[in-house]
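Trainee: Got a structure for you, written out below as structure tokens; questions coming shortly.
The values are calculated or read from the model by the stated rules, or taken from the named source; none is laboratory data. The structure displayed is predicted, hence computed values, not measured ones. For neighbour counting, all protein chains shown are included, and Cβ atoms are generated from backbone atoms with ideal geometry for every residue, glycine included. All accessible areas refer to the heavy atoms of the entire protein, side chains included, with ligands and DNA or RNA removed. Shrake-Rupley method; radii C 1.70, N 1.55, O 1.52, S 1.80 Å.
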Amino acid sequence: MIRKKGKLKIWSAACSNGAEPYSVAMILDQLTPRQIHTIDATDIDDKILQDARKGCYKADLLKNVSPDRLAKYFTKDGDTFCLSQDIKNKVKFKKHDLIKDSYQTNYDLIICRNVTIYFTKEIQNQLYENFRKSLAPDGILFIGATESVLDHKELGFNKVSPWFYQKN
């Protein structure tokens, strides 16, 4: 997997409500407290991005967040929990269409979970090829449990585990 010292560049593609990129930000804050990483989070939906930037979630969406993380990173406001500004500042949200828009490069990790299942195999392969080009050498693509990169070898990936693919 990623064995890199220093700053990581991470992309959460089709990030929806922001839970994944914020989770990554919290984990990295705990593992590398003084290190500044780049966490890009994109989605095609402006309303979803607007909500994600707020970083506020109903309690039922946080049932898998440990009490320690909840206390450290969230403030309760009625039945809603809002992330600290420090964690929100670690994630940069922007609009991005996975099919039409260009992709940035040199990501150490790309997270794109449970999205490609909605596309044809041809579009899926196009997306996976674009993700591969966007990854740094030995970078990792993390997909959802409902997905699989069937042609991973032809697309330039090694399968590391069921949902993790490393760029050749």
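Trainee: Looking at GLU129 and the list (1) charged (D, E, K, R); (2) over 19 Å from GLU20 (Cα atoms); (3) open to solvent by 50 Å² or more (accessible area, probe 1.4 Å); (4) in contact (Cβ under 8 Å) with a residue 12 or more places away in the chain, which single condition is not satisfied?
Mentor: (3)
Trainee: Restricting attention to the range 117-157, and to residues there that are under 17 Å from the mean Cα position of the chain (by Cα) and of a type in the set (Phe, Trp, Tyr), which single residue is nearest to THR105 (Cα to Cα)?
Mentor: Filtering first and then ranking leaves PHE131.
Trainee: Out of all the residues in the range 25-37, which are surrounded by 16 or more Cβ atoms within 10 Å (Cβ to Cβ) and either touching a strand residue (DSSP E or B) at 6+ places or on another chain (Cβ under 6 Å) or among the charged types (D, E, K, R) (or both)?
Mentor: Once the filter is applied, which keeps residues that are surrounded by 16 or more Cβ atoms within 10 Å (Cβ to Cβ) and either touching a strand residue (DSSP E or B) at 6+ places or on another chain (Cβ under 6 Å) or among the charged types (D, E, K, R) (or both), the range 25-37 yields ALA25, ASP29.
Trainee: Among the residues of the range 5-45, what is the count of those that are among the aliphatic types (A, V, I, L, M) and free of Cβ contacts under 8 Å to residues at least 60 places away in the same chain?
Mentor: Residues in the range 5-45 being among the aliphatic types (A, V, I, L, M) and free of Cβ contacts under 8 Å to residues at least 60 places away in the same chain: 7 in total.
Trainee: A further question follows. Take the conditions within 18 Å of the chain's Cα centre (by Cα), under 21 Å from ARG132 (Cβ atoms) and not in a strand (DSSP E or B) and apply them to ASP101. Does it pass?
Mentor: Yes; evaluated as a whole, the condition is true for this residue.
Trainee: Could you list, ordered by first residue, the pairs with Cβ atoms under 6 Å in which the first is in the range 136-150 and in contact (Cβ under 8 Å) with a residue 40 or more places away in the chain and surrounded by 14 or more Cβ atoms within 10 Å (Cβ to Cβ) and the second is of a type in the set (Ser, Thr, Tyr) and in a strand (DSSP E or B), at least 6 apart or interchain?
Mentor: Short answer, once both residue conditions are applied: GLY139/TYR107.
Trainee: Select from the range 66-85 the residues that are of a type in the set (D, E, K, R), loosely packed, with under 11 Cβ neighbours inside 10 Å and not in a loop (DSSP other than H, G, I, E, B) and list them in ascending order.
Mentor: ASP68, ASP77
Trainee: Cβ-Cβ distance below 8 Å, separation of 6 or more or different chains: which pairs start in the range 46-62 with a residue that is over 10 Å from THR80 (Cα atoms) and at pLDDT 95 or above and end on one that is open to solvent by 100 Å² or more (accessible area, probe 1.4 Å) and of a type outside the set (Asp, Glu)?
Mentor: ASP46/LYS95; LEU49/LYS95
Trainee: Quickly run through the range 38-64 and pick out the residues that are surrounded by fewer than 16 Cβ atoms within 10 Å (Cβ to Cβ) and part of a strand (DSSP E or B).
Mentor: LYS58
Trainee: Residue check: is LYS94 open to solvent by 60 Å² or more (accessible area, probe 1.4 Å), under 14 Å from SER12 (Cα atoms), not hydrophobic (A, V, I, L, M, F, W, C) and not in a loop (DSSP other than H, G, I, E, B)?
Mentor: Here the answer is yes, as LYS94 does meet what is asked.
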